[in-house]
Amino acid sequence: MRHYENLVIVKPAMTAEEIQAVIKNVEETITSNGGEIAATDAMGMRKLAYPIEKNERGYYHVIYYSVAPAAIAEIERRFRINEDLLRFVTIKYDTNREVAAWNNLVEKAKKAAAAPAKEETPAEEAPKAEEATEAAAE
């Protein structure tokens, strides 16, 4: 099994739920062909370098996974059929140096996914602390 990275750009004219459904479909395409998803990184809505199919923006999502090399042709074929994807790119990590870089990227993606959950907790506690200080001042 080799290590791969897929960047997919989803059409922006959809609701958040529809975009998540498309991403879930992309991930199911990978897993149904024997792939093991290591991490994902939702980069969000971004401006494209040039318009694609009259779209100025797109929803970027990166998926890091391991799969047998023979399955890549089928995965890319199913991506080409999917009309909700503006573009996709598959990157293969082959050498030892590239695999080490892939492991680094997976760790960063896992930390980034865990970080927003930790940041929300102090933000929720801050207004409570402010209310307590205002009550004490009165």
### Message
Give me the residue from the stretch 44-70 that is surrounded by fewer than 14 Cβ atoms within 10 Å (Cβ to Cβ) and among the hydrophobic types (A, V, I, L, M, F, W, C) and, out of that set, farthest from the chain's Cα centre (by Cα).
### Response
ALA70
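Name the residues in the stretch 76-92 that are of a type in the set (A, V, I, L, M, F, W, C) and in contact (Cβ under 8 Å) with a residue 60 or more places away in the chain, would you?
The initial filter retains those residues of the stretch 76-92 that are of a type in the set (A, V, I, L, M, F, W, C), namely 79, 81, 85-86, 88-89, 91.
PHE79, LEU85, LEU86, PHE88, VAL89, ILE91, listed by residue number.
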### Message
Given the options GLU27, GLU36, GLU5, name the one that is surrounded by 16 or more Cβ atoms within 10 Å (Cβ to Cβ), within 19 Å of ALA101 (Cα to Cα) and acidic (Asp, Glu).
### Response
GLU5
## Note on the structure
Inside the stretch 27-62, the number of residues satisfying the requirement of being in a strand (DSSP E or B), without any contact (Cβ under 8 Å) to a residue 24 or more places away in the chain and of a type in the set (S, T, N, Q) is 0
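Going through the stretch 1-19 one residue at a time, which ones are polar (S, T, N, Q) and over 24 Å from ALA71 (Cβ atoms)? Steps first, please.
Here is the first cut: in the stretch 1-19, the ones polar (S, T, N, Q) are 6, 15.
Residue satisfying the conditions is THR15 alone.
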### Leading residue by the ranking (nearest to the chain's Cα centre (by Cα)) among those in the stretch 71-95 that are over 12 Å from ILE30 (Cα atoms), outside any strand (DSSP E or B) and not charged (D, E, K, R)
ASN82
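Read-outs: derived from the displayed coordinates by stated rules, not from any lab. What you are looking at is a predicted structure, and each value in this text was computed from that prediction instead of being measured. Counting neighbours? That spans all protein chains shown, and the Cβs are built from the backbone with ideal geometry, glycine included.
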